[in-house]
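Step one of this worksheet: look at the structure below.
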Amino acid sequence: MRNLVLIGMPGTGKSTIGYVLAKKLGFRLIDTDTLLKEKHKRSLPQIIADEGLETFLQWEEAEGKQLVCDRCVVATGGSMVYSDAAMRNLKKLGVVVWLDTPMEELERRVARSGDRGIAAPKGTSLAVLDAQRRPLYERFADIRVSCKGYKNVVADRIIEMLATYEAKQSQ
């Protein structure tokens with residue numbers, strides 16, 4: 001496996017689990033949200049407020065389309081799946097894993113985090129966003145992982161599922 005690409009809703013744990021996976025696999029972690037924040041020297045909510053949702057999505061797409069890496073865990077922004085071009089590139093880079101988290105847990109995590117830039121029109125609920133994005137996550141994912149349990153448990157589950165997936169791919 002060259003790379004591992006994590007997709008999923010805001011609050012599903014892409015960055016957190018990505019860090020654990022990178023450590024366990026001896027890979028580097030690339031967080032596309034962090035790349036955007038560093039490049040534009042603002043938080044995600046500030047970028048969206050200053051530039052608008054469409055510009056934010058274009059910038060996010062550019063990060064996904066141009067990314068080149070090896071032996072990395074890539075934690076994507078939750079809205080990366082809106083871009084076919086970005087997802088085509090990410091799928092070429094490695095195995096795409098959808099971190100699927102129950103709605104109650106997502107709502108709890110997002111409420112806890114005040115500095116989360118969610119790429120959606122103001123007032124859009126997580127449930128509506130999930131309904132919009134779920135078909136895209138399903139379409140692009142090579143592996144779907146339930147994100148119930150502690151981050152180390154989920155990371156170990158992903159590693160086990162990767163081994164099974166790669167064995168099937170090599171047949």
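Computed from the coordinates by the stated procedures, all read-outs in this text should not be read as laboratory data. All figures in this text were calculated on a predicted structure; none of them were measured in a lab. As a convention, Cβ positions derive from the backbone with ideal geometry for all residues, glycine included, and neighbour counts pool all protein chains shown.
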**Request:** Pop a pseudo-label 7 angstrom from the Cα along the beta-carbon direction at both GLN46 and GLU138 and give the gap in nm to one decimal.
**Result:** 3.9
**Asked** Between LEU29 and residues 5 or more places away or on another chain, which pairs have amide H atoms under 5 Å apart, with H built 1.01 Å from N, and which residues are they?
**Response** VAL73
**Item:** Packing-based order for 131-141, 159-169, 68-78, 15-25, using average beta carbon neighbours within 10 Å, highest first
**Value:** 68-78, 15-25, 131-141, 159-169
**Asked** Could you work out the helix-only [θ] at 222 nm for the chain, with each DSSP H run of four or more residues adding -39,500 (n - 2.57) and the total divided by the number of residues, to the nearest 500 deg cm²/dmol?
**Response** -17500 deg cm²/dmol
**Prompt:** Got a sec to turn the phi values of the range 4-13 into Karplus ³J(HN,Hα) couplings, 6.51 cos²θ - 1.76 cosθ + 1.60 with θ = phi - 60°, whole Hz, x for Gly and Pro?
**Reply:** 10, 10, 9, 10, x, 5, x, x, 7, x
**Prompt:** How about LYS37: which lysines have a C-alpha closer than 22 Å to its C-alpha, ignoring those fewer than 8 places off in the same chain?
**Reply:** LYS14, LYS65, LYS122
**Fill in**
The size of the Cβ-based charge dipole (Lys, Arg +1; Asp, Glu -1) of the range 3-169 about the Cα centre, to the nearest 20 debye, is 340
**Asked** Check ILE7: other-chain or 5+ apart residues with amide H under 5 Å from its amide H, H built from backbone geometry?
**Response** VAL97, TRP98, LEU99
**Item:** Neighbour net charge for ASP70 - beta-carbon separation under 14 angstrom, K R +1, D E -1
**Value:** +4
**Message:** Just to be sure I understand, if you calculate semi-axes √(5λ) of the Cα gyration tensor in Å for this structure, which of (i) 24, 22, 16; (ii) 36, 28, 13; (iii) 24, 18, 15 do you get?
**Reply:** (iii)
